[in-house]
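Participant: Quick one: the structure is below, and I'll ask about it shortly.
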Amino acid sequence: RTDEATLCPLWKFSYERAKRKHVTALCWNSQYTDLFAAGFGSCDFARNGKGLVCCYTLKNTSHPEFVVPTESGVICLDFHPKYPSLLAVGCHDGSVLVIDIKTTSKKPIYSSSLRSGQHCDPVWQIRWQDNGTSKEYKFYTVSSDGKVANWIMNKTELKMEPMMDLKLIDSCAGKSEDSPLHGLAGGCAIDFNRKLDNLFLVGTEEGMIHECSKAYSAQYLKTFEGHRMGVNALKWNPFHEDIFMSCSEDWRLQIFEHSSTVPLISFDLGNAVNDVCWSPLSSTVFAAATTDGKVHAFDLAQNKRDPLCSQKIARTKLTKISFSSKDFILIVGDDRSLVHTLKMSPNLRKIGTPQQGLGGNEGGQFDTATIQRNKMVQFLASINKKYAQ
């Protein structure tokens, strides 16, 4: 096939003290595009112990630039979008930490406590939100204790404000919000819409995907036809505000259009899908990591049915995956404490050009975001009459 692509292995990042731990989180820095953070803990609850946060740079593959040990295994982390030295961390014991990588201290600048509030179960996802003109910094967490929480950080303290309880919904009783079950659903993934700041998605251990709002937390706005097993990741498309994707233990990767509760397209990857990510450079390119050690790379503009590349990266389980925001590079974590770096072949680097008839910015100019949004619109038009001109 002429459209087949490859992923070229570059470097492997490791750290002696992280041996026998799993890579449980990966996040690129928002400003320094060669810098990324890796969280280490365990995907096996029976073996969970202490954790580590390591910051690596592509300029030095031999040793991490910054290391912070944690009392509990790290599950998730996120760099602040505007203040690149701030790193929020979620842990297995329900605690959250804020680390300032500018300091030489090996201790977090903020840690949650019983006084400030914290989750009762593992924190599966943590997300900063732009604080605008406010002097307080905010991030959000979701946990398997069934709660979504808002954390407010000011000069003196870190404070938890419960935002939403994830009510169990009986999937057999239809989509009615009038048929809740007793108890709470275990939250395991969250992502905020890039255009509508109040809108966010939550994935649960039961396989449900709920659309929620920060302005109205009493019930779900909508429930999508999710998965048969737990949702491992949810990601909004960085260029089109109506498109998101999900992945699960049920082997499926699904792409949704916001207005429909039924997936636009679904891929069966043959093994549990631990993580997915959109490319920040092309609206139709994304990648997935599966438990059989493979990375699956897609470009919907070139092939709507199959990945351009399904490549064996390691003999172990792959746990996390993330695109570089600048270079055509992927980082992939595994359950043997290694972070693999992969270079994308030219077939996966097609950015796209302005399309006739799709318009541009004021004055007829096309910027990168407009080109990429139009590229996704063209794909949607090819499978959905609603978008066809």
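The values are calculated or read from the model by the stated rules, or taken from the named source; none is laboratory data. Being a predicted model, the structure only gives us computed values, none of them experimental. Cβ sites come from the backbone with ideal geometry, for glycine too, and all protein chains shown count toward neighbours. All accessible areas refer to the heavy atoms of the entire protein, side chains included, with ligands and DNA or RNA removed. Shrake-Rupley method; radii C 1.70, N 1.55, O 1.52, S 1.80 Å.
Participant: Within segment 90-106, can you find the residues that are open to solvent by 10 Å² or more (accessible area, probe 1.4 Å) and either under 26 Å from Cys43 (Cβ atoms) or among the small types (Gly, Ala, Ser) (or both)?
Facilitator: Hits for segment 90-106 are His92, Asp93, Ser95, Leu97, Ile101, Ser105, Lys106.
Results for (1) touching a residue at least 60 places away in the same chain (Cβ under 8 Å); (2) among the acidic types (Asp, Glu); (3) more than 22 Å from Phe139 (Cα to Cα), shown as yes or no for each residue.
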{"residue": "Gly41", "(1), (2), (3)": "no, no, no"}
{"residue": "His63", "(1), (2), (3)": "no, no, yes"}
{"residue": "Gly73", "(1), (2), (3)": "no, no, no"}
{"residue": "Asp78", "(1), (2), (3)": "yes, yes, no"}
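Participant: Name every residue in segment 13-31 that is surrounded by fewer than 16 Cβ atoms within 10 Å (Cβ to Cβ) and in contact with a Pro (Cβ under 7 Å, 6 or more places away or on another chain), in order of residue number.
Facilitator: Gln31, the sole residue that qualifies.
Participant: What's the number of the only condition in (1) of a type outside the set (Gly, Ala, Ser); (2) under 30 Å from Val148 (Cβ atoms); (3) touching a residue at least 12 places away in the same chain (Cβ under 8 Å) that Arg47 fails to meet?
Facilitator: With (1) of a type outside the set (Gly, Ala, Ser); (2) under 30 Å from Val148 (Cβ atoms); (3) touching a residue at least 12 places away in the same chain (Cβ under 8 Å) applied to Arg47, the lone miss is (3).
Participant: Considering only segment 59-89, state which residues are crowded, with 19+ Cβ neighbours inside 10 Å and outside any strand (DSSP E or B).
Facilitator: Correct list: Pro64, Ser72, Gly73, His80.
Participant: Counting just the residues of segment 205-228 that are of a type in the set (A, V, I, L, M, F, W, C) and in contact (Cβ under 8 Å) with a residue 24 or more places away in the chain, which one comes out farthest from Ala149 (Cα to Cα)?
Facilitator: It comes out as Phe224.
Participant: So, in segment 203-230, of the ones that are within 14 Å of Phe256 (Cα to Cα) and part of a strand (DSSP E or B), which residue ends up most open to solvent (accessible area, probe 1.4 Å)?
Facilitator: The extreme case among them is Lys222.
Participant: Examine segment 41-52 for a residue that is open to solvent by 90 Å² or more (accessible area, probe 1.4 Å), under 28 Å from Asp299 (Cα atoms) and in a loop (DSSP other than H, G, I, E, B), and state whether such a residue exists.
Facilitator: Checked against the condition, which is being open to solvent by 90 Å² or more (accessible area, probe 1.4 Å), under 28 Å from Asp299 (Cα atoms) and in a loop (DSSP other than H, G, I, E, B), segment 41-52 yields no hits at all.
Participant: Taking the residues in segment 239-258 that are part of a loop (DSSP other than H, G, I, E, B) and without any contact (Cβ under 8 Å) to a residue 60 or more places away in the chain as candidates, determine which candidate is most open to solvent (accessible area, probe 1.4 Å).
Facilitator: Trp251
Participant: If you don't mind, another one. Among the residues of segment 341-350, is there at least one that is crowded, with 19+ Cβ neighbours inside 10 Å and in a loop (DSSP other than H, G, I, E, B)?
Facilitator: No, there is no match, as no residue in segment 341-350 is crowded, with 19+ Cβ neighbours inside 10 Å and in a loop (DSSP other than H, G, I, E, B).
Participant: Considering only strands (runs of 3 or more DSSP E) fully contained in segment 275-334, which possess at least 2 residues that are closer than 17 Å to Met245 by Cβ?
Facilitator: Fully inside segment 275-334 and qualifying: 285-290, 294-299, 318-323.
Participant: Within segment 351-387, restricting attention to residues that are of a type in the set (Gly, Ala, Ser) and part of a loop (DSSP other than H, G, I, E, B), which residue is modelled with the lowest pLDDT?
Facilitator: Gly357
Participant: What is the one condition in (1) outside any strand (DSSP E or B); (2) buried (at least 18 other Cβ atoms within 10 Å of the Cβ); (3) at pLDDT 95 or above that Gly270 does not satisfy?
Facilitator: (2)
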